[in-house]
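Visitor: What follows is a single structure, and I will ask about it in a moment.
No lab work stands behind these numbers, since they all come straight from the coordinates. Note that the coordinates shown come from a computational prediction; the quantities given were computed from them, not determined experimentally. Reconstructed Cβ throughout: ideal geometry from the backbone, glycine too, with neighbour counts over all protein chains shown.
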There are 2 protein chains.
Amino acid sequence: MNSTIELLLSHRSIRKFTDQNIPRELFDTLIRAGQSAATSNHVQAYSIIHVVNPENRRKLAELAGGQTYVAECSDFLVFCADMKRSTEAAERAGADIVRGMTEQLLVASVDTALMAQNVAIAAESEGLGLCYIGGIRNNPAAVSELLRLPDHVYPVFGMCLGYPDQQPDVKPRLPLESILKEDHYQDDNDAALVAQFDDTMRQYYLARTGGNKDTNWSEQLKPLFTSKLRPHMADFLKGKGFKLK
Amino acid sequence: MNSTIELLLSHRSIRKFTDQNIPRELFDTLIRAGQSAATSNHVQAYSIIHVVNPENRRKLAELAGGQTYVAECSDFLVFCADMKRSTEAAERAGADIVRGMTEQLLVASVDTALMAQNVAIAAESEGLGLCYIGGIRNNPAAVSELLRLPDHVYPVFGMCLGYPDQQPDVKPRLPLESILKEDHYQDDNDAALVAQFDDTMRQYYLARTGGNKDTNWSEQLKPLFTSKLRPHMADFLKGKGFKLK
């Protein structure tokens, strides 16, 4: 196994960082590595807001649900799906543009994720740690106002970057057989595989908490789908010009 | 610059492959590397269909718009956003589930993209080449039928994997200043930066085609947004239980 694959397999989220700052040259290299990711039809449908202002960092930490490391890490990024740049470029070239299609939302969201994952891996390859912040979608309207995001641009997630001040264990993943299927989707065996994974996760939580956290994967998922997690997203996106049509 | 960052910066799509097959052990390692990517709340909202059947490969090549390398590469994967497994697990654990929220569509699409990008990087680190196939969304209903995808699962994109039989140049990317913004979104300078990038891309196309392809980035984007690219996606997703609500 080569060192890049070893790096990928060793990923875990970092939420505690030292005071050390990422040098600017390295920071720019991480972003360039992000730009090298595949992009649908070369659209590059993303923008990154690099949040430097400490007061805005504190506000974002609160908006993301009180995640203090958003304010404390060396660099905080908000990755935005951006259909403004490319549609305006095509418009200037004379195209009669259609905006807001669901396909455009997907293209921009996927482009943004591929790019961010390259930034993440580049960062880890330099000994940095990171944590994706989906909590940026808890209140995407307030985030958009703070970052002055225009129509056809929406904040997909944030990312904390910095030098790790913790060494958490790697979190187990679902059995390979559960997520990899040959030729056709079938999940006859999935309840059994999930039960097996529930055991794995229970042991993981118990070991990490000295026996205090007695739960499993399925239990941990329950609040995610019962509380209508982020029920505002459809209306928010429509308000930003993504029509979901 | 370390070798992993050099690898990321050297990415280009490969559409021509040798006859050599990827060993099964390496293939499984690539998928495990994919699973190691960050996942929203540990949901792991994805499934991969590994399409082995040659007849299905030919059909998918056609459905993706006549992309013959879908049939010819060593391994072809369809990456699916999957909200079925996790919601059913939470349901078995006693949760009263809400399905189809737009937030769930985003979580699953982003999880899938992060995972796929790890597979891509792991593959490239082993000297393999790859090409994302967004054309899988040209006819997602037919793809879903062929792969027997159930409700709450949708095909986001495909990926061709194999040993490269071509060495295309790295494609230029937008200027860093165009996609990286400090504290606030602003694009006052964007038309100028895009004009600069249009020049870069014109030179790139001319050099690659011996002067025959005289176009630029903005021109190439025009058909993408005028033809209402994939206008079926919203209705297709709704039919699959993603309510866009």
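Visitor: If you wrap a convex hull around the C-alpha atoms of region A:78-118 and split its volume per residue, what is the figure in Å³?
Guide: 67 Å³
Visitor: Follow-up. Among B:44, B:196, B:67, whose mean-square fluctuation peaks in a Gaussian network model of chain B (Cα, cutoff 10 Å)?
Guide: Result: B:196 has the largest fluctuation of those listed.
Visitor: Treating the angle as unsigned and between 0 and 90°, give the value, to the nearest 10°, between the Cα long axis of helix B:54-63 and the longest Cα principal axis of chain B.
Guide: Tilt of helix B:54-63: around 60 degrees.
Visitor: Related question: Taking a label point 7 Å from Cα toward Cβ, how far is residue B:26 from its twins in the other copies, in nm, shortest first?
Guide: Its label point is 3.2 nm from the equivalent points in the other copies.
Visitor: Relative to the Cα centre, what is the charge dipole magnitude of chain B, using +1 at the beta carbon of each Lys and Arg, -1 at the beta carbon of each Asp and Glu, and rounding to the nearest 20 debye?
Guide: That gives chain B a dipole magnitude of about 820 debye.
Visitor: Determine, for A:148, A:15, the number of other Cβ atoms within 10 Å of each Cβ, and report the residues in order from fewest to most.
Guide: A:148, A:15
Visitor: Grab the DSSP H runs of chain B that are 4 residues or longer, score each as -39,500 (n - 2.57), total them, divide by all residues and round the 222 nm result to the nearest 500 deg cm²/dmol.
Guide: It lands at -13500 deg cm²/dmol.
Visitor: Among A:18, B:4, what is the fewest-to-most ranking by other Cβ atoms within 10 Å?
Guide: If I rank by nearby Cβ atoms, fewest first, I get A:18, B:4.
Visitor: Also, I was wondering about something else. Give me D for region A:1-109 in µm² s⁻¹, whole number, from Stokes-Einstein with Rh from the Kirkwood sum over alpha-carbon pairs, 4 °C and 1.567 mPa s.
Guide: Roughly 77 µm²/s, to the nearest whole number.
Visitor: What lysines sit close enough to residue B:171 to cross-link, taking a C-alpha to C-alpha distance under 22 Å and skipping anything fewer than 8 places away on the same chain?
Guide: Correct list for residue B:171: A:84, B:16, B:213, B:222.
Visitor: When N is the residue count of chain A, what does its C-alpha Rg come to as a fraction of 2.2 N^0.38 Å?
Guide: 1.11
Visitor: Further question on the same structure: Mind telling me which of A:76, A:225, A:197 comes out most flexible in a GNM of chain A, alpha-carbon contacts under 10 Å?
Guide: A:225
Visitor: Run through the other copies and list how far each one's label point is from that of residue B:223, in nm with one decimal, shortest first; the point sits 7 Å from Cα along Cα-Cβ.
Guide: Taking the point 7 Å beyond Cα along Cα→Cβ, the inter-copy spacings are 5.0 nm.
Visitor: Relative contact order (percent) for chain A, with alpha-carbon contacts under 8 angstrom and 6 or more residues of separation?
Guide: 26 percent
Visitor: Using a Gaussian network model of chain B with C-alpha springs under 10 Å, which one of B:211, B:129, B:34 is most mobile by mean-square fluctuation?
Guide: It is B:211.
Visitor: Quick one: Kirkwood hydrodynamic radius for region B:17-69, alpha-carbon pairs, angstrom, one decimal?
Guide: Roughly 13.7 Å, rounded to one decimal.
Visitor: How many nanometers, to one decimal and shortest first, lie between the label point of residue A:50 and those of its other copies, if labels sit 7 Å from Cα toward Cβ?
Guide: Residue A:50 label point versus its equivalents elsewhere: 4.1 nm.
Visitor: Is the protein assembly as shown rounded, prolate or oblate when judged by the Cα gyration tensor, a ≥ b ≥ c being the square roots of its eigenvalues, rounded requiring a/c under 1.5 and prolate requiring a/b larger than b/c?
Guide: Judged from the Cα gyration tensor, the protein assembly as shown comes out rounded (a/c under 1.5).
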